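*Asks:* Take this structure, written in structure tokens, and hold onto it; I'll ask about it next.
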Amino acid sequence: EEAPTGGSAAEALRARGNELVKAGKHAEAYDVYTEALRACSLAPADSHHVFLANRSLCALKLGRLEDAWHDADAATRLAPGYAKAFYRRAQCEVERGLLASAR
């Protein structure tokens with residue numbers, strides 16, 4: 001049996017993180033998405049922006065607004081067409097009281 005490639009390992013971790021988010025286990029999901037980001041550094045980073053946006057959601061739920069904003073912002077830079085990343089960044093800005101920049 002072949003060892004999973006970085007890409008397939010990252011996708012498996014993403015799926016696990018998604019399950020944890022659905023179960024409300026945001027701290028565990030945050031760690032799993034971090035592992036996914038490390039794994040995708042071994043393969044093409046097609047999903048890197050998704051992992052960042054997902055980890056941003058977890059950080060937001062954990063009250064780690066600065067971390068959440070940085071992940072969302074990085075996701076917007078990697079994939080300027082990925083609307084979810086902009087939504088996450090705006091959520092962070094609203095939570096931080098930066099309503100003018102949340103547009």
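The values are calculated or read from the model by the stated rules, or taken from the named source; none is laboratory data. No experiment lies behind these values; they were computed from the predicted model shown. FYI the Cβ positions are ideal-geometry reconstructions off the backbone, even for glycines, and counts take in every protein chain you see. Please note that ligands, DNA and RNA were not included when accessible areas were found on the heavy atoms of the full protein model with its side chains. Shrake-Rupley method; radii C 1.70, N 1.55, O 1.52, S 1.80 Å.
*Asks:* Give the Cα extents of the chain along the principal axes, in whole Å, largest first.
*Replies:* 53, 28, 17
*Asks:* Now, a different point. FRET efficiency for L98 and D46, Cβ-Cβ distance as r, R0 = 35 Å, nearest 0.05?
*Replies:* Step by step, r from the Cβ atoms, then E = 0.70.
*Asks:* Given the -39500 (n - 2.57) contribution per DSSP H run of 4+ residues, what per-residue ellipticity at 222 nm results for the chain, rounded to the nearest 500 deg cm²/dmol? Intermediate results must be reported in sequence, preceding the final value.
*Replies:* Values: 5 runs with 73 residues, N = 103.
About -23000 deg cm²/dmol.
*Asks:* With the crude spin-label approximation of a point 7 Å out along Cα→Cβ, what separation in nm comes out for A27 versus R77?
*Replies:* For A27 paired with R77, the spin-label model returns 2.9 nm.
*Asks:* Carbon and sulfur together cover what percent of the accessible area of the chain at a 1.4 Å probe radius?
*Replies:* Carbon and sulfur together cover 53 percent of it.
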